[in-house]
Amino acid sequence: MIFVTGPLYAGKREWVRRALGLSGEELTARAVWDVQELAARCEDLPALARELEQKEIVIATEVGGGVVPVDPAERLARERAGRLSCLLAQRARVVVRVCCGLPQVLKGELPCAST
Amino acid sequence: MLYLITGGAGSGKSAWAEELVCRLPGQRIYLATMRPWDGECRARIARHRAQRAGRDFITLERYTDLAGVAPQIPEGANVLLECMGNLVANELYSPEGGGEGAVLAGVEALERRCAHLTVVTNQVFSGGADYSWETLDYLRALARIDRALAARAGCVVEVVCGLPNVWKGACP
């Protein structure tokens, strides 16, 4: 599994499509994105990580870089999103962070030469 | 050559970008895009001016329409544009603003004019998406511009705690 993370609107999905040469339909079939939203509603993050791992590509948006939210549910949601990302990164063969449309490999090696 | 420097609030990106520009050849021009709205803005401007003092920068203030200021910039200059977050807000929301297109047209005009163009932008995309639609529109516009500039830039650096994390190219 390739785990791709990065800030909001960083071009994560676009980068995956280009790097792996996928059409929009192929991306839909082989990837799952916005998994931080799944984490927000999830009581069992390890189980969610195992389930997501079945996909070839898992994409999460970083949400933990702002001020701690006043609302307890929002606090919990972003905490869970961060924890889920850690679990996914542990399980992933490759971890890439995308910023401004550019990749940075945090773990493993890119599946092909197109960086 | 185009350099894109990003980083969060207080990351040291401005100081790092200034040091970068001081290592590059050509007349140094500081192109300031922040409108001095209030005391806090003026204090920030004063802090940045003090930071640049003695480093031979010519300061130009321009809040919109960078293409219009390009002819005032000497050919082959070494320009530091700070910052994209303000410029995008000015182009999108001020009455004389020309929208997202004016931002990119302005950067292109500057690139044609100068030898080195260093653009400082703001990493404001890691604090969730729980914003009003107006704010999300602004974030999407800024992100599109960041991605367009990063695609064209020879060097892209994220400054973290004052240290460079190089995303593309090599730091001179």
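Any read-out appearing in this document is the output of simple, stated calculations on the displayed coordinates, not a laboratory observation. Being a predicted model, the structure only gives us computed values, none of them experimental. Here the Cβ is made from the backbone with ideal geometry for all residues, glycine too, and neighbour counts use every protein chain on show.
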Notebook entry, point to check: Computed over the Cα atoms, what is the radius of gyration of chain B divided by 2.2 N^0.38 Å, N being its residue count?
Noted result: 0.97
Item checked: DSSP-defined beta bridges in the protein assembly as shown - what % are antiparallel, rounded to 5 -> 25 percent
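Taking 0.36 nm per intervening residue step and subtracting the Cα-Cα distance, what contour gain separates B:W133 from B:A43 on full extension? Numbers along the way, then the final one.
On the way: separation 90, 0.36 × 90 = 32.40 nm, distance 3.02 nm.
So the extension gain works out to 29.4 nm.
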Check: How many Cβ atoms of partner chains, on average, are near each residue of A:8-17 if near means within 10 Å of its Cβ?
Finding: 4
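Computed FRET efficiency, Cβ-Cβ of B:Q72 and B:E96, R0 22 Å: what is it to the nearest 0.05?
0.80
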Margin query: Suppose only helical runs count, i.e. DSSP H with n ≥ 4. What mean residue ellipticity at 222 nm does that imply for chain A under -39500 (n - 2.57) per run, divided by all residues and rounded to the nearest 500 deg cm²/dmol?
Written below: -13000 deg cm²/dmol
Checklist line | Virtual spin-label span in nm between B:A151 and B:R23, 7 Å along Cα→Cβ | finding: 2.8 nm
Note to self: Please give me the summed charge of the neighbours of A:Q54: other residues whose Cβ is under 12 Å from its Cβ, Lys and Arg +1, Asp and Glu -1.
What the structure shows: +1
Next item on the list: Any aspartates and glutamates with Cα under 19 Å of the B:K168 Cα? List them, leaving off those in the same chain fewer than 8 positions away.
Entry: A:E14, A:E109, B:E18, B:E19, B:E111, B:D146, B:E158
Checklist line | Two-decimal Rg to Rh for the protein assembly as shown - Kirkwood Rh, Cα set | finding: 1.00
Next item on the list: Pull up the cross-link candidates among the lysines for A:K55, meaning alpha carbon to alpha carbon under 23 Å and not fewer than 8 places away within one chain.
Entry: A:K12, A:K107
Margin query: With n ≥ 4 as the cut-off for DSSP H runs, can you work out [θ] at 222 nm for chain B, using -39500 (n - 2.57) per run divided by the number of residues, rounded to the nearest 500?
Written below: -13500 deg cm²/dmol
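About the Cα centre, and with charges only on the beta carbon of Lys, Arg (+1) and Asp, Glu (-1), how big is the dipole of the protein assembly as shown? Nearest 20 debye, please.
Rounded to the nearest 20 debye, it is 760 debye.
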Next item on the list: Using the number of other C-beta atoms within 10 angstrom as an exposure proxy, rank B:W37, A:W15 with the fewest first.
Entry: B:W37, A:W15
Item checked: Within a Gaussian network of chain A (alpha carbon springs, distance under 10 Å), most fluctuating of A:E37, A:E62, A:E74 -> A:E74
Check: With labels modelled as points extended 7 Å from the Cα through the Cβ direction, what inter-label distance (nm, one decimal) is found for A:Q104 paired with A:R50?
Finding: 3.3 nm
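Over the range B:2-167, what is the percentage of antiparallel beta bridges among all DSSP beta bridges, to the nearest 5?
If I count the DSSP bridges inside the range B:2-167, around 15 percent turn out antiparallel.
How big is the Cα convex hull of the range A:2-107 in projection, averaged over all directions, in nm²?
Taking the Cα atoms of the range A:2-107, their convex hull projects to 6.5 nm² on average.
Estimate the FRET efficiency between B:R55 and A:V70 by the formula 1/(1 + (r/R0)^6), using the beta-carbon distance for r and 35 Å for R0, to the nearest 0.05. Each step should come with its number before you reach the end.
On the way: r = 42 Å, r/R0 = 1.20.
Working from the Cβ atoms, E equals 0.25.
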